[in-house]
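A quick write-up on the structure given underneath.
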Amino acid sequence: MPGGGQQLTVGYYNAKNCGGVEPIVRGEVYKALAADRSKGAALVRLFFHDCWVNGCDGSVLLNASQRNPYPEKVAVSNIGLRGFDVIEAIKARLESVYPGVVSCADIVAFAARDATRYLSDGHIDYAVPSGRWDGVVSRAKDADDTLPGSTFAFGELKKNFDNKKFTVEELVVLSGAHSIGVAHYPSFQDRLTAPQDEIDARYQKALRNAAKDRSRPVANDIRDESYSFKKDAGYPTAVSGGRDYLNNTYYHNALDNRVLFKSDWALRTDAFAFGKLQEYRDKPKEWDSDFADAMVKLSKLAAKGEDFEIRKKCSTTNNPSHY
């Protein structure tokens with residue numbers, strides 16, 4: 001299938017007499033998250049990491065092959081990426097009902113929307129335009145060259161988002177997704193020695209204690225950490241919302257200097273971004289709405305390339321010669 005200029009529309013599969021597509025995806029996502037809530041954050045991250053690199057084309061799902069031993073999913077920037085099993089389960093279910101119809105790229109976009117809805121208790125919901133096709137190219141280098149890094153300064157973050165025609169406001173909005181999920185040692189290692197004006201001293205101490213086991217993932221949001229971690233950090237050990245609850249707690253943490261990544265702290269160094277941190281801390285409903293809008297915009301990042309297909313399995317291309 002040539003061309004990356006697919007015309008995306010809301011209700012695309014309804015128009016193809018496949019009205020069960022989105023309900024099936026939502027049902028499978030909810031089933032997966034009921035069994036393991038942490039997979040919700042994984043699905044949201046998977047969506048961003050797919051779309052930010054060469055557009056929303058499902059390329060992040062492709063496994064290594066003899067022809068291509070270094071696809072996107074093995075990139076350093078994609079350390080800890082999960083949720084592939086949920087996408088494959090959804091794809092298998094859809095293939096049994098609508099064979100050869102639904103792209104893996106669309107499944108990733110739908111699954112992120114449904115995970116967002118689930119993790120926010122329905123406070124964040126939006127319509128996803130669809131009609132994507134699946135790419136046949138996946139390169140780890142593209143991911144490492146394109147995805148924003150956890151150690152980025154504000155100028156680097158701004159340039160990275162400018163390259164995708166996303167604003168500073170949208171940078172701050174999407175950073176709020178760090179109220180869910182976990183991170184691995186390499187992505188926050190630098191925070192262990194950050195100066196005191198960049199990180200709360202007690203939070204840093206708790207982080208150092210946790211990092212003694214370098215294999216231990218640390219929650220992006222201190223709210224979701226262990227009782228002992230929160231106690232060491234001087235954080236209330238009983239807080240509302242529950243684990244992996246997608247809300248505006250990120251902004252409270254950012255303004256208290258209790259965020260895990262340098263790139264999160266860096267938002268404080270720009271006057272406009274700092275103002276948005278305060279705004280979203282104080283106006284949770286506004287953040288809910290703006291986050292939904294930013295996710296829709298993210299879903300519209302056009303796929304790059306010339307050859308596309310509807311994969312039969314999300315982890316491999318249909319024609320081995322493509323890959």
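Each value in this text was obtained by applying a stated rule to the coordinates, not by laboratory testing. What you see is a predicted model; the values in this text were computed from it and never measured. Virtual Cβ from ideal backbone geometry, glycine too; neighbours counted across all protein chains shown.
Show the residues, 5+ positions off or on another chain, whose built amide H is closer than 5 Å to the amide H of VAL182.
Residues meeting the criterion, in which the H sits 1.01 Å from N, are ASN220.
Would you work out the Kirkwood radius for region 3-126? I mean one over the mean of 1/r across all pairs of different Cα atoms, in Å.
Working: mean 1/r = 0.0664 Å⁻¹.
That comes to 15.1 Å for region 3-126.
Under a Cβ-only charge scheme (Lys and Arg +1, Asp and Glu -1), can you give me the dipole magnitude of region 125-231 about the Cα centre, in debye to the nearest 20? Walk me through the numbers before you get to the answer.
On the way: 17 positive and 17 negative charges, 89 e Å.
Here the size comes out at about 420 debye.
Can you give the relative contact order of the chain as a percent, counting alpha carbon pairs under 8 Å and 6+ residues apart? Show your work: numbers first, answer last.
Working: 534 pairs, mean separation 91.7, N = 323.
It comes to 28 percent, rounded to a whole number.
Could you list VAL25, VAL60, VAL296, VAL44 in order of exposure, starting from the residue whose Cβ has the fewest other Cβ atoms within 10 Å? All intermediate terms of the calculation are to be shown ahead of the outcome.
Details: VAL25 27, VAL60 33, VAL296 16, VAL44 23.
Starting with the residue having the fewest Cβ neighbours, the order is VAL296, VAL44, VAL25, VAL60.
Suppose every Lys and Arg Cβ carries +1 and every Asp and Glu Cβ carries -1, with no other charges. What dipole size does the chain come out with about its Cα centre, to the nearest 20 debye? Please list the in-between numbers first.
Working: 44 positive and 43 negative charges, 127 e Å.
My answer is approximately 620 debye.
Between LYS141 and TYR70, what is the spin-label point distance in nm, taking each point 7 Å from the Cα along the Cα→C-beta axis?
My value for the distance between the label points is 0.7 nm.
Quick check: the distance between the Cα centres of region 65-132 and region 280-323, to the nearest angstrom?
That distance is 8 Å.
Over the Cα atoms of region 154-294, Rg to Rh with Kirkwood Rh, two decimal places? Present the calculation step by step, with values, prior to reporting the outcome.
Values: Rg = 14.6 Å, Rh = 15.3 Å.
That ratio is 0.95, to two decimals.
List the cysteines of the chain that have no other Cys Cβ closer than 4.7 Å: which are they?
CYS18
Charges only on Cβ, +1 for Lys and Arg, -1 for Asp and Glu: so what's the dipole of region 154-294 about the Cα centre, in debye to the nearest 20? Write down the numbers at each step before the final one.
Working: 22 positive and 23 negative charges, 114 e Å.
So the dipole magnitude of region 154-294 works out to roughly 540 debye.
Can you list which of the trypsin sites (Lys or Arg not before Pro) found in region 1-78 are DSSP loop residues with at most 15 other C-beta atoms within 10 Å? Intermediate values should be presented prior to the final figure.
On the way: sites: LYS16, ARG26, LYS31, ARG37, LYS39, ARG45, ARG67, LYS73; in loops: LYS16, ARG37, ARG67.
Qualifying residues, ordered by number: LYS16, ARG67.
Taking a spot 7 Å from the Cα of ALA271 along the direction of its beta carbon, which residues of region 159-177 have an amide N less than 13 Å from it?
Those under the cut-off are none; the list is empty.
Calculate the spin-label point distance for ALA201 paired with VAL101, positioning each point 7 Å from the Cα along the beta-carbon direction, and give it in nanometres.
6.3
Could you state the number of Å between the C-alpha centres of region 202-254 and region 1-53?
If you average the Cα positions of each part, the centres end up 30 Å apart.
Of ASN318, PHE272, ALA294, which is farthest towards the positive pole of region 265-323's charge dipole, taken about the Cα centre with +1 and -1 on the beta-carbons of Lys, Arg and Asp, Glu respectively?
Of the options given, the answer is ASN318.
Report the gain in length on full extension from ASP256 to ARG93: 0.36 nm times residue separation, minus Cα-Cα distance, nm rounded to one decimal. Intermediate values should be presented prior to the final figure.
Details: separation 163, 0.36 × 163 = 58.68 nm, distance 4.45 nm.
Full-extension gain reported as 54.2 nm.
Divide by every residue of the chain the summed helix terms, -39500 (n - 2.57) for each DSSP H run of at least 4, and state the resulting mean residue ellipticity at 222 nm, rounded to the nearest 500 deg cm²/dmol.
Values: 15 runs with 147 residues, N = 323.
Result for the chain: -13500 deg cm²/dmol, rounded to the nearest 500.
How far, in nm, would the chain grow between GLN7 and SER226 when pulled straight, counting 0.36 nm per residue and subtracting the alpha carbon separation? Can you show the working numbers first?
Numbers: separation 219, 0.36 × 219 = 78.84 nm, distance 4.59 nm.
74.3 nm is the gain from fully extending GLN7 to SER226.
What's the exposure ranking of THR116, THR237, going from fewest to most Cβ atoms within 10 Å? Before the final figure, lay out each step's value.
Numbers: THR116 27, THR237 12.
Placing the least packed residue first, the sequence is THR237, THR116.
Could you list the square roots of 5 times each eigenvalue of the Cα gyration tensor of the chain, that is, the equivalent ellipsoid semi-axes, sorted largest first and rounded to whole Å? List each step's numbers first, then the result.
On the way: eigenvalues 221, 84, 72 Å².
Computed over the chain, the values are 33, 21, 19 Å.
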